[in-house]
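Asker: My questions all concern the structure below.
Any read-out appearing in this document is the output of simple, stated calculations on the displayed coordinates, not a laboratory observation. These numbers were taken from a predicted model, which means no experiment stands behind them. As a convention, Cβ positions derive from the backbone with ideal geometry for all residues, glycine included, and neighbour counts pool all protein chains shown.
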Amino acid sequence: MSSGASGDPEEIRGRLERWIDASWDPDLSLLQWRRRLLDAGWACPSWPPEWGGLGLSAASAETVTETLSDAGVPGAPESVGMHLAVPTLLEHASDDLKARFLRPSATGEIVWCQLFSEPGAGSDLAGLTTRAELDGDQWLITGQKVWNTGALQADYGLLLARSDWDVPKHRGISYFVLPMRQVGVEVRPLRQMNGHTSFNEVFLDGAVIPRANVLGEPGEGWRSALTTLAHERRLAATRRTGSRRDPDGRVWREALTEQLAASEPHKWYPQRAGRVDLLVERALAAGRTSDPLVRQEVARVLAAARSAKWTAQRAAAARALGRAPGPEGSLGKLATSVIARAASRAHSLIAGASGMLSGTDAPLEGTITEIFVSVPGQSIAGGTDEIQRNILAERVLGLPKEVAPEKDLPFRLVPRNG
Ligand SMILES: Cc1cc2nc3c(=O)[nH]c(=O)nc-3n(C[C@H](O)[C@H](O)[C@H](O)COP(=O)(O)OP(=O)(O)OC[C@H]3O[C@@H](n4cnc5c(N)ncnc54)[C@H](O)[C@@H]3O)c2cc1C
């Protein structure tokens, strides 16, 4: 059923508030509540109406998100599924795949992970060597993926694998929806230097994928991969959480359990971003505010963080007006790395030798030490800083493209290690 919302923010807000008042029931299960939201179009308002959305613009969809949050009711899950799988499916998948996977992603019934990187293919993702072979009505997958966040908990993986070795490397890749829970898929957790285990290695040994689970045409997966990567690089903002309506009801009890499980692999992400928010408080607590070096570094980080936030807001405002994405978007990801590293340096100046402690004796019960060993990940995840600089150089500054002599060779002939 469509709620027939127009693009006017006040009209959308009013209509949704009335709908929530009439439809909210704290004793529903989370699944029942999300299905109710979806049926009315409010769970995923930017989706096309034929798939359960309202066809709203990104700006109007943001009004819906804010209204749900202000009303204290849960919306669709914050997940790899909603942020990466859904936009890629909407743009590239067959109607059959959309019908099977969009709705359960939005209700949280299925959990996704991203299976792109390999031991020999990270920045050079198009050099991947996981093999996909068609065998009757199914694809058989053999190879290894690595650094796959949340793979242990996932029901489905967004998988890139090579289905044609006789064409240049970008042209022989297919994009699959891989069922994770099968004998051909083995997930092994990796422990990181900050103690968390958010990543995994994923070994694929004859893993089976139904023939229909290909996004787009076989061999044309690179286009769909670019869509996923574009959404990954944009994935900076997190949804604010307002107060909860009927916090003891069943809907919120189940929503909190889900949030806790979903946030487990990302618990260290605030530390990865450098915890700029803690700098002044830490400098005051450590009695370091009269040290000119500390003052200078803290002011430098705060100024950079503030200007990055304004730049992101300018980019969002331009998008809301329907303007094409400008250089602000590309700069955003690099800015988060630069700021995280600068914040980590400032924290180490403030903490001094105590920053080398770990456990409960360390400043803020180990949070500061966790910043030092987590910040390097910010410059790698979703494309490294060097790769971001290459993109900026080529696409924003218009400099000549990186030389890639193997680009047009059939992949089988490209020299590789191993
Ligand atoms: C927190 C986190 C979460 C992640 N989650 C996932 C996930 O869920 N799924 C997934 O598939 N992957 C995931 N990754 C993997 C991530 O995408 C890769 O680590 C990343 O793309 C870099 O690849 P690599 O590690 O193989 O490094 P490499 O590509 O081997 O790079 C090594 C170094 O060489 C530099 N370099 C490489 N090529 C160039 C070039 N052309 N020009 C200049 N310098 C270059 C790099 O910048 C880097 O410094 C995650 C990584 C992190 C840190």
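Asker: Under 5 Å between amide H atoms, partner at least 5 residues away or on a different chain: which partners does Gly157 have, H built in plane at 1.01 Å?
Answerer: The list, which skips near neighbours in sequence, is Cys113, Leu178, Met180.
Asker: What's the long-distance tail for the chain, i.e. % of Cα pairs beyond 30 Å?
Answerer: 50 percent
Asker: Additional query: Based on the Cβ-Cβ distance of Ser94 and Thr65, what FRET efficiency does E = 1/(1 + (r/R0)^6) give at R0 = 41 Å, to the nearest 0.05?
Answerer: It comes out at approximately 0.90.
Asker: A further question on this structure: Quick one: grab the alpha carbon gyration tensor of region 1-94, order the square roots of its eigenvalues as a ≥ b ≥ c, and give me rounded if a/c is under 1.5, else prolate or oblate depending on whether a/b is larger than b/c.
Answerer: Oblate, since a/c reaches 1.5 and b/c is not below a/b.
Asker: With charges only on Cβ, +1 for K and R and -1 for D and E, what is the dipole size of region 324-418 about its Cα centre, in debye, rounded to 20?
Answerer: With Lys and Arg at +1 and Asp and Glu at -1, about 320 debye.
Asker: Describe numerically, in nm with one decimal, the distance between label points set 7 Å from Cα along Cα→Cβ at Tyr269 and at Asp248.
Answerer: 3.2 nm
Asker: Among the listed pairs Lys169/Lys267; Lys145/Lys169; Lys169/Lys309; Lys333/Lys401; Lys267/Lys401; Lys309/Lys407, which are separated by more than 29 Å between their Cα atoms?
Answerer: Lys169/Lys267; Lys169/Lys309; Lys267/Lys401; Lys309/Lys407
Asker: Work out the length of the dipole vector of the chain about its Cα centre, built from +1 on the beta-carbon of each Lys and Arg and -1 on the beta-carbon of each Asp and Glu, and round it to the nearest 20 debye.
Answerer: Dipole of the chain, to the nearest 20 debye: 1060 debye.
Asker: Additional query: Comparing Ser69, Ser307, Ser198, which has the greatest mean-square fluctuation in the GNM of the chain with Cα pairs linked when under 10 Å apart?
Answerer: Evaluated over the chain, the most mobile residue of the options is Ser307.
Asker: Semi-axes of the equivalent ellipsoid of region 303-418: what are they in whole Å, largest first, if each equals the square root of 5 times a C-alpha gyration tensor eigenvalue?
Answerer: For region 303-418, the semi-axes come out at 35, 25, 11 Å.
Asker: On to the next question. First select every other residue whose beta carbon is under 11 angstrom from the beta carbon of Arg275; then total the charges, Lys and Arg +1, Asp and Glu -1.
Answerer: Net of charged neighbours comes to -1.
Asker: Please report the net charge: other residues with Cβ closer than 12 Å to the Cβ of Glu118, K and R +1, D and E -1.
Answerer: Neighbour charge sum, excluding Glu118 itself: +2.
Asker: Among Thr289, Phe101, Thr367, whose Cα sits farthest toward the positive end of the charge dipole of the chain (+1 at Cβ of Lys/Arg, -1 at Cβ of Asp/Glu, about the Cα centre)?
Answerer: Sorting the options by dipole projection puts first Thr289.
Asker: Averaged over all directions, how much area does the convex hull of the C-alpha atoms of region 23-145 cover when projected, in nm²?
Answerer: Mean orientational projected area (region 23-145, Cα hull): 9.8 nm².
Asker: Right, next: Grab the Cα-Cα distance for Leu321 and Ala212, subtract it from 0.36 nm times how many residues apart they are, and report the gain in nm with one decimal.
Answerer: The Leu321-Ala212 span can extend by a further 35.5 nm.
Asker: Follow-up question, since we're still on this one. Just how far, in whole angstrom, is region 67-141 from region 11-57 if you go by their alpha carbon centroids?
Answerer: Region 11-57 and region 67-141 have Cα centres separated by 22 Å.
Asker: Apply 1/(1 + (r/R0)^6) to the Cβ-Cβ distance of Leu134 and Val414, taking R0 = 25 Å, and write down the FRET efficiency to the nearest 0.05.
Answerer: Once the sixth-power term is evaluated, E becomes 0.65.
Asker: Check every DSSP H run in the chain and write down those whose alpha carbon atoms cover 30 angstrom or more along the long axis and whose mean Kyte-Doolittle hydropathy is 0.0 or greater.
Answerer: 327-351
Asker: Please give the charge dipole size of region 1-144, origin at the Cα centre, charges +1 on K and R Cβ atoms and -1 on D and E Cβ atoms. Round to the nearest 20 debye.
Answerer: 180 debye
Asker: Related question: Give me the extension gain from Ser354 to Asp124: residue separation times 0.36 nm, minus the current Cα-Cα distance, reported in nm with one decimal.
Answerer: 78.9 nm
Asker: Check which residues have an amide H placed less than 5 Å from Phe199's amide H, if you skip close sequence neighbours.
Answerer: Leu190
Asker: Moving on to the next point. Suppose only helical runs count, i.e. DSSP H with n ≥ 4. What mean residue ellipticity at 222 nm does that imply for the chain under -39500 (n - 2.57) per run, divided by all residues and rounded to the nearest 500 deg cm²/dmol?
Answerer: The helix contribution divided over the chain gives -13000 deg cm²/dmol.
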